[in-house]
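The values are calculated or read from the model by the stated rules, or taken from the named source; none is laboratory data. Here the structure is a predicted model, which means the values were calculated and not measured. So basically every Cβ, Gly included, is an ideal-geometry build from the backbone, and we count neighbours across all protein chains shown. Accessible surface is based on the protein model in full, side chains and every heavy atom, while ligands, DNA and RNA are left aside. Shrake-Rupley method; radii C 1.70, N 1.55, O 1.52, S 1.80 Å.
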Amino acid sequence: MNEMTFAEAYKAQCVQALDSLDLSKVHMAIDWMKQARADGQTIFTCGNGGSASTASHFVCDMVKGASFNRETRFRIMALTDSLPTLTAYSNDVHYDCVFAEQLKNFAKPGDVVLAISGSGNSPNVLRAVEYANGIGCKTVALTGRDGGKLGPLAQLNINVADPHMGRIEDAHMIVCHMICYYFMDTEKPA
């Protein structure tokens with residue numbers, strides 16, 4: 001009997017992680033973003049580390065890929081992308097508030113906040129979702145493991161029920177691609 005290589009085992013475990021996704025929730029996130037675009041609402045993303053990269057990557061895909069040459073375009077912003085703002089709040093106030101404070105400047109009722117946290121327990125992401133819920137935004141979480149505190153806090157939790165952070169982050173990126181490529185592949189450019 002041949003043993004699987006590390007790469008083969010990792011791939012198989014990624015497929016298992018993807019199989020744990022509730023795709024009806026991904027479709028609901030697509031619907032919320034479609035409605036936000038139609039209503040001229042803004043979508044905000046946030047996360048830390050690899051999740052910050054996923055948040056920024058998703059915004060890039062939505063701004064360029066899902067908006068270029070389209071009659072209607074997404075208003076979307078990664079709260080992770082202003083390094084001066086992040087470091088000012090981190091240094092002068094506290095890292096826990098870096099995303100919520102930006103939402104206080106920009107978010108309005110009806111906007112969508114996509115919060116990404118593999119553990120579901122990042123304090124700054126939790127504060128952002130608490131604020132967003134409080135002003136009437138729609139909140140979507142991408143979480144891993146058991147969803148942490150973020151899962152039940154968000155109005156829509158797309159959970160990757162896997163303990164491995166790498167596979168959680170892989171699946172989060174795939175969910176983001178499911179969302180943006182829905183718009184890129186099913187809606188024709190003008």
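Which cross-chain or sequence-distant (5 or more) residues have an amide H under 5 Å from the amide H of A141, H modelled 1.01 Å from N in plane? When sequence neighbours closer than 5 places are left aside, the close amide H contacts are A115, L156, N157, I158.
In this label model, F68 and I30 are separated by 2.2 nm, measuring between points 7 Å along each Cα→Cβ vector.
Ranked by solvent-accessible area (1.4 Å probe, protein heavy atoms only, all chains present), the residues D81, D170 order from largest to smallest as D81, D170. Over 30 Å apart at the Cα level, from the set K11/K34; K64/K108; K11/K108; K11/K188; K149/K188; K64/K149, are K11/K34; K11/K108; K11/K188; K149/K188; K64/K149.
Sorting Y89, Y95 by solvent-accessible area of protein heavy atoms yields Y95, Y89, largest first, with a 1.4 Å probe. Return the FRET efficiency for the residue pair L18, D39: r is the Cβ-Cβ distance, R0 is 35 Å, and the value is rounded to the nearest 0.05. FRET efficiency, L18 to D39: 0.65.
Applying both filters, DSSP loop and at most 14 other Cβ atoms within 10 Å, to the chymotrypsin sites (Phe, Trp or Tyr not before Pro) of the stretch 1-81 gives F68. Backbone phi angles across the stretch 141-146, fed through the Karplus curve with coefficients 6.51, -1.76 and 1.60 (θ = phi - 60°), yield HN-Hα couplings of 10, 10, 10, x, 6, 9 Hz in residue order; Gly and Pro are listed as x.
Each Lys and Arg contributes +1 and each Asp and Glu -1, all at the Cβ; summed about the Cα centre of the chain, the dipole is approximately 520 debye.
Listed values for the stretch 124-135 are Karplus-derived 3J(HN,Hα) couplings in whole Hz (6.51 cos²θ - 1.76 cosθ + 1.60, θ = phi - 60°), namely 5, 6, 4, 4, 5, 5, 4, 5, 4, 4, x, 9, and x replaces Gly and Pro.
Rolling a 1.4 Å probe over the protein heavy atoms leaves E169 with an accessible area of roughly 60 Å². Couplings 3J(HN,Hα) of the stretch 10-15, computed from phi: 4, 4, 4, 6, 5, 4 Hz, in residue order, whole Hz [Karplus 6.51 cos²θ - 1.76 cosθ + 1.60, θ = phi - 60°; x for Gly and Pro].
Across the stretch 1-133, C-alpha contacts under 8 Å between residues 6 or more apart give a mean separation that, scaled by the residue count, equals a relative contact order of 27 percent. Once you divide the Cα radius of gyration of the stretch 1-146 by 2.2 N^0.38 Å, the number left is 1.17. Distances between placed amide hydrogens fall under 5 Å for F44 paired with M77, V112, V113, L114, all partners being 5 or more residues away or on another chain.
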